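Data block below; observations after.
The values are calculated or read from the model by the stated rules, or taken from the named source; none is laboratory data. None of the values given here were measured: they were computed from a predicted structure. Note that we place each Cβ from the backbone using ideal geometry, even for glycine, and neighbour counts take in every protein chain shown.
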């Protein structure tokens, strides 16, 4: 299956790209597996997006422009768009 | 009284005569209203400022400092300007940063209250609790920046200045008070000062307050500074708030074309990366700040060699909201707003509203079209001169709609008269509540309810009574932040917010506040603000949104729809959570 990762703010700066298209053997796949794959590709961002087994406080994730999620057990399916952005939307 | 962190006094200056008097503030009052917005609100209530037209000689305007000002705590060099707003008729508390706060506190005052009206333009000088009134005829007509430059030649380097631009002089309803490139921007406090013929307030002095636990404070300050270099503030430091634009656009919550849409075709051109690719970019910090969020970009055309400070809100209001897709025009417009001394959000909101009125045939100004950068700049010029359409534009969108008629109030982008910041209420419904109930009108700084929308605790497009209760907490946090005063960009470093802010205040004052005490303090501050508004004539019908944003879906997001009944349910839940009646009245008004 394929999922599209869209990076915004600091995650975009750290990865140096605005998006990635990733493929996975299994569908659905956990968000944890997706982030592990991203961390392998983008080391600087990978070091920051996870704190132990949890999403770091500074990172938030949105699925398909709809719901925000924090649980790394969240299942993603083929065609999903995963938006990764910095916490603190205000300004 | 003088206790740790405080001078225990405020000075009242009568601009009519130039005379002043000092009054004491008791520790018990500081425990309820510790500084900043809270202290300013308390003093306005004490002086019955709600009785007076904000542009009358009898009105009062307060510069309020705080116990943290002058301490080694990062981002603490801030001051509040509090008055009744000429734009909303309700309480207005605007904050700004930097050396004016430090020098104002060293003048020996916890607050400075200005009333009266000078016969001719004047400068008010507060020096070690002594006050003087000096002529300001040579400054009248100058921009805020040029006024400060002139004052630097007139006074020593120990003096610092809060000034108004031409807009404040002309009492434009959304004029700002400026200091060192920062602005107490919202609600028209510049017009209040201008109505008093006060061009500048100058502060200096050598009076310092003591701290109860200096060693502990210094140690905590070091910890906070270290955290402020970390990931919690990285977005502000590296990219600035402009980074929000692409996120909001992607989620269809970037108000565009006067809130007709939630996304904007040319958003990528306004990203910090794109702006920086074709322009010189510099960064700066406020005094006593370790974050350094200020990002300034050069303007490529014209004769100006000054860089312009860019934030999400001025890009949003002067770009997408007016559907202007040329970043150069937006940067120029932002710079022109700073020169005049007008709030960029209200400027953009009012012009976008006028553009839609033209589109609908309610205004015969065919040059003023959505998407036209030259028209945007012309409209700002007219606001400055007051010529032609400028006479209407300088009123703000609510008052303008009353003149235009045709039910245009239904799409005037404002709450209580204050133009709405860049958060689409239909797509961010907890924030919609925050806007509706805000004491100074639609406001993203007094309510952080968008944090709920941007989390997994709520469905941002389906507001509920439960999320309304969460919104109360974000407003309480802001009330403390705005009263201590600390920069909101620091909030991400706190793990246990109320407990940690209690600790900061205790280190300064020697008090023994705990988490619960801070939460109660926050509730009391919000109560006082509501008390002021009720005395001004507030009624529950004010707590709503423009009709456009109710009962119909956002054009580019059919799921983003907010019903009137849903909003009313959320408002009632909010009011009850605050301990008010379901309609929003206080059980008793005892904030004085």
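Across segment A:51-91, the qualifying residues are those that are modelled with pLDDT under 90 and surrounded by 18 or more Cβ atoms within 10 Å (Cβ to Cβ), and the one among them that is nearest to the other protein chains (Cβ to nearest Cβ) is A:91.
In segment A:9-35, of all residues being part of a helix (DSSP H, G or I) and within 21 Å of residue A:71 (Cα to Cα), the one that is nearest to the other protein chains (Cβ to nearest Cβ) corresponds to A:10.
Among the residues of segment A:36-50, those identified as within 14 Å of chain B (Cβ to nearest Cβ) and within 20 Å of residue A:71 (Cα to Cα) are A:45, A:46, A:47, A:48, A:49, A:50.
Checking B:39, B:95, B:44 one by one, the residue that is in a strand (DSSP E or B), surrounded by 24 or more Cβ atoms within 10 Å (Cβ to Cβ) and at pLDDT 95 or above is B:95 and no other.
Which members of segment B:297-338 meet the condition of being over 20 Å from residue B:413 (Cα atoms), in contact with a strand residue (DSSP E or B) (Cβ under 7 Å, 6 or more places away or on another chain), part of a loop (DSSP other than H, G, I, E, B) and in contact (Cβ under 8 Å) with a residue 40 or more places away in the chain? Of everything in segment B:297-338, just one residue is over 20 Å from residue B:413 (Cα atoms), in contact with a strand residue (DSSP E or B) (Cβ under 7 Å, 6 or more places away or on another chain), part of a loop (DSSP other than H, G, I, E, B) and in contact (Cβ under 8 Å) with a residue 40 or more places away in the chain, namely B:310.
In a residue-by-residue description of segment A:29-47, the property of being buried (at least 19 other Cβ atoms within 10 Å of the Cβ), within 20 Å of residue B:236 (Cα to Cα) and in contact (Cβ under 8 Å) with a residue 24 or more places away in the chain applies to at least one position.
Looking only at segment B:442-452, residues that are more than 8 Å from chain A (Cβ to nearest Cβ), touching a residue at least 24 places away in the same chain (Cβ under 8 Å) and farther than 19 Å from residue B:89 by Cα come to 2 in all.
The combined condition, being more than 20 Å from residue B:112 (Cα to Cα) and modelled with pLDDT of 95 or more, is fulfilled by residue B:165.
Total residues in segment B:223-261 satisfying the condition of being touching a residue at least 12 places away in the same chain (Cβ under 8 Å) and away from chain A (no Cβ under 11 Å): the figure is 13.
Any chance segment B:508-530 includes a residue that's touching a strand residue (DSSP E or B) at 6+ places or on another chain (Cβ under 7 Å), touching a residue at least 12 places away in the same chain (Cβ under 8 Å) and not assigned by TED's automatic domain parsing to the domain that holds residue B:407? Looking for residues that are touching a strand residue (DSSP E or B) at 6+ places or on another chain (Cβ under 7 Å), touching a residue at least 12 places away in the same chain (Cβ under 8 Å) and not assigned by TED's automatic domain parsing to the domain that holds residue B:407, one finds at least one in segment B:508-530, hence yes.
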